[in-house]
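The values are calculated or read from the model by the stated rules, or taken from the named source; none is laboratory data. This is a predicted model, so every value here is computed, not measured. So basically every Cβ, Gly included, is an ideal-geometry build from the backbone, and we count neighbours across all protein chains shown. Keep in mind that these areas ignore ligands, DNA and RNA; they rest on the heavy atoms of the full protein, side chains included. Shrake-Rupley method; radii C 1.70, N 1.55, O 1.52, S 1.80 Å.
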Amino acid sequence: MFDIKIRLLNMIKFSSSDEDSFITIDKKPRTHEKYRADGDFFIKKRSLAIVMQGSILHENDFTLETVKIYKETFAECPIIVSTWQTEPQEAIWALENAGAIVLKNAPPEVKCFDNTNYQIKSTQAGLKKAKDIGVKYVIKTRTDQRMYETNLPEYFMDLQETFPLDTDIKTQQKRLIAISLNTFKYRLYDISDMFLFGTIDDVLNFWSCDYERRTVFPPFETILDYCKSCPCEIGFTISYLERIGYNPTFTLKDSWESYAKYFCVIDASSVGLYWPKYTNETYRWRNFFGNNRLLEELTFKEWLSLYNHTKKYIPEHILKMPYNQPYKEKPSILQRTACLGIFTLQKLNTSVFNCISFQKNRIDYCLEVKNNPEFRVDIDSLEKYAKKEWTLSLLFRTQQKDIFGVKNANILLMDSFSELTDKLFINKKTGKRFCAHFSDINTDTDFNELYNCLGMLSLEEMEKAYDSFFSQIVKSYGNIPIIYLHFPTDFETREEFILRARKIKETIAKLSEKYSNILSINVDFLERAPEDDFPYHFSEKTYNYIARKLASTKLFELPCIVMPKSLKNRFRYKIWSYLKKKKKCGFISKRIWKALDTKLRKKGLTK
């Protein structure tokens, strides 16, 4: 019957919205009679118990058949079903006849806004029973979930041996093994409450939490607010961490560090987990189309990066996003860039962002006018000194904005040009100031009588100024990503600016150790702009190269450029001519044309 359904599914002509999707089928036996997988490793399994907690799932005898399968895959292991007094006696007898130890719990006396206390009570009862039996290890799972894979005890214990706890940890015996399903990457301390493997003492300690006593869940707006409200699994994890002497600080960095220190998160697929609740999708949260970006699960590959400390970028800004509609409100990019950053950003798809320019806002200027707003640039008094009309609007007006006061700022994109070359001018009477080059202003008038030029930011003050600037950014916006582009000096011949660029690189490299949210980007590929002698103007290929580098951070996306049909045909003809010349083929079939079109899409040349 199932094979007939497969053939019918293969015959379905999907709607246009599914034309770009592959649909895979995961076939699992419903009953233990059809289950034929055999394990080939054997350990002393009597030291392990399986605790299944929750209401019995009667449909398809799911819980009963799960117990029967576990009697094969976990041979000789005690299987404890911790459920409720309200379950039918016939179902209880069937489970006991299958070899399970059934605990019939009374409902929890403490009421709350959801089923959290039912989960706590049934789990604690099952674990205490496992402790009384005398096992050393335990798997905590659910009555409505099933693990199909074999050799799991060996797998879990191998993980504990491969990734031992640090020797200075005295409050936990061995690493706790959790699964990726519902362990969300961007929720703090969100170890899934569905599954846990460890020593009986560690797992019992994890679940030795107090009952939930709130009858109404507190209101929240951001992801951080939600996490601080400590719902279910977040509350369980935080409670456990506090009991073993770890004090959560409610940052993404701290949350990930706790995962690396005390837990190991494995893929749910590695245990063959099946959960028929809500949906039959095997990877219910893994969306390759990007619709659920903030519901991305923490997988084993991600956990391994945390364990090895190879994940350098920590997007703390995500915690400030609205919980229910994190992508509806456009986040802002603070764009403190000159031509390098401006032309690069134009190569990227920034339609999802609100880009705010702060060109010419040198870091010491930003700090000074933050503390003394009366010193901010006076546009009206500079109007007659602007050499070009666009100078007034593009360069001077950007210095009227407060770079530390933008709503919903998510990214700071900087390049080094302002600290590399811009000079600071101060009005002798009012103290008002602005940053520019002498080439931006007309000094033939009375400008020199009214303004003093303090020159470029001194090398001695460089590190202190950058440190103060980054500190204020973190204070204003949290650990939003700071992407720093270094202007190349390959075409620069003036020694002063080469030395300044070197000093800036050294400063940013040093401060990157203090501020983990700084991403320092050097330009490895460089071409001079055609017919342009200015050493800081570069070719389109250079900006495209830097754009691809920015896209690799996953903060930006490259645009998809649709190739016109006529151009596509010319492109095809060139490929055909090349292949014919090389005697690779005499003609190109429809199948090969389709493969070529696929390559075009991958290169972003067509949809």
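Kindly indicate whether residue 227 is part of a helix (DSSP H, G or I) and either within 23 Å of residue 169 (Cα to Cα) or open to solvent by less than 30 Å² (accessible area, probe 1.4 Å) (or both).
Details: part of a helix (DSSP H, G or I): yes; either within 23 Å of residue 169 (Cα to Cα) or open to solvent by less than 30 Å² (accessible area, probe 1.4 Å) (or both): yes.
Yes: the conditions hold for residue 227.
Which is within 24 Å of the chain's Cα centre (by Cα), over 22 Å from residue 435 (Cβ atoms) and modelled with pLDDT under 95, of 512, 476? If you could, list the steps in order and put the result at the bottom.
Details: 476 fails: over 22 Å from residue 435 (Cβ atoms).
Of the residues listed, the single one that is within 24 Å of the chain's Cα centre (by Cα), over 22 Å from residue 435 (Cβ atoms) and modelled with pLDDT under 95 is 512.
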Residue 205 meets each of (1) outside any helix (DSSP H, G or I); (2) under 26 Å from residue 134 (Cβ atoms); (3) open to solvent by 10 Å² or more (accessible area, probe 1.4 Å) with one exception, condition (1)
Hey, among 259, 246, which residue is outside any loop (DSSP other than H, G, I, E, B) and either open to solvent by 10 Å² or more (accessible area, probe 1.4 Å) or of a type outside the set (Val, Ile, Thr) (or both)?
259
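What number of residues in the stretch 171-188 are among the hydroxyl-bearing types (Ser, Thr, Tyr) and surrounded by fewer than 23 Cβ atoms within 10 Å (Cβ to Cβ)? Break it down into steps so the answer makes sense when it comes.
Within the stretch 171-188, the subset among the hydroxyl-bearing types (Ser, Thr, Tyr) is 171, 180, 183, 186.
Cutting the leftovers down to surrounded by fewer than 23 Cβ atoms within 10 Å (Cβ to Cβ) gives us 171, 186.
Total satisfying the criteria: 2.
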State the number of residues belonging to the stretch 497-545 that are assigned to a helix (DSSP H, G or I), under 23 Å from residue 556 (Cβ atoms), among the charged types (D, E, K, R) and open to solvent by less than 100 Å² (accessible area, probe 1.4 Å).
1
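This table checks each residue for (1) touching a helix residue (DSSP H, G or I) at 6+ places or on another chain (Cβ under 6 Å); (2) at pLDDT below 95.
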| site | (1), (2) |
| --- | --- |
| 104 | no, no |
| 113 | no, yes |
| 123 | no, no |
| 127 | yes, no |
| 131 | yes, no |
Is it fair to say residue 218 is assigned by the TED database to the domain that holds residue 304 and surrounded by fewer than 15 Cβ atoms within 10 Å (Cβ to Cβ)?
yes
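Taking the conditions exactly as written (in contact with a Lys or Arg (Cβ under 7 Å, 6 or more places away or on another chain) and at pLDDT below 90), does residue 486 satisfy them or not?
Details: in contact with a Lys or Arg (Cβ under 7 Å, 6 or more places away or on another chain): yes; at pLDDT below 90: no.
In short, no.
Of everything in the stretch 206-225, what is hydroxyl-bearing (Ser, Thr, Tyr) and farther than 19 Å from residue 242 by Cβ? Give them in sequence order. Walk me through it before giving the result.
In the first step, residues of the stretch 206-225 are kept if they are hydroxyl-bearing (Ser, Thr, Tyr); the result is 208, 211, 215, 222.
Listed by number, the residues that qualify are 215, 222.
If we only count strands (runs of 3 or more DSSP E) wholly inside the stretch 75-161, which ones have 3 or more residues that are at negative phi and surrounded by fewer than 20 Cβ atoms within 10 Å (Cβ to Cβ)? Reasoning before the result, please.
Working: elements: 79-84, 101-105, 137-142.
Answer list for the stretch 75-161: 101-105.
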Can you pull out every residue in the stretch 446-496 that is among the hydroxyl-bearing types (Ser, Thr, Tyr) and either within 28 Å of residue 530 (Cβ to Cβ) or surrounded by fewer than 19 Cβ atoms within 10 Å (Cβ to Cβ) (or both)?
458, 468, 471, 476, 484, 489, 493
Criterion: within 31 Å of the chain's Cα centre (by Cα) and modelled with pLDDT of 90 or more - qualifying residue of 334, 345
334
Residues to consider are 272, 290; find the one that is assigned by the TED database to the domain that holds residue 206, at pLDDT below 85, closer than 26 Å to residue 194 by Cα and not polar (S, T, N, Q).
290
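Go through the stretch 395-429 and count every residue that is in contact with a Cys (Cβ under 9 Å, 6 or more places away or on another chain), open to solvent by less than 40 Å² (accessible area, probe 1.4 Å) and assigned to a loop (DSSP other than H, G, I, E, B). If you could, list the steps in order and put the result at the bottom.
Step one: filter the stretch 395-429 for residues in contact with a Cys (Cβ under 9 Å, 6 or more places away or on another chain), giving 395, 399, 402-404, 413, 415, 417-418, 422-426.
Going one step further and asking which of them are open to solvent by less than 40 Å² (accessible area, probe 1.4 Å), we end up with 395, 399, 403-404, 413, 415, 417-418, 422, 424-426.
Now restrict to residues that are assigned to a loop (DSSP other than H, G, I, E, B): 403-404, 422.
The qualifying residues number 3.
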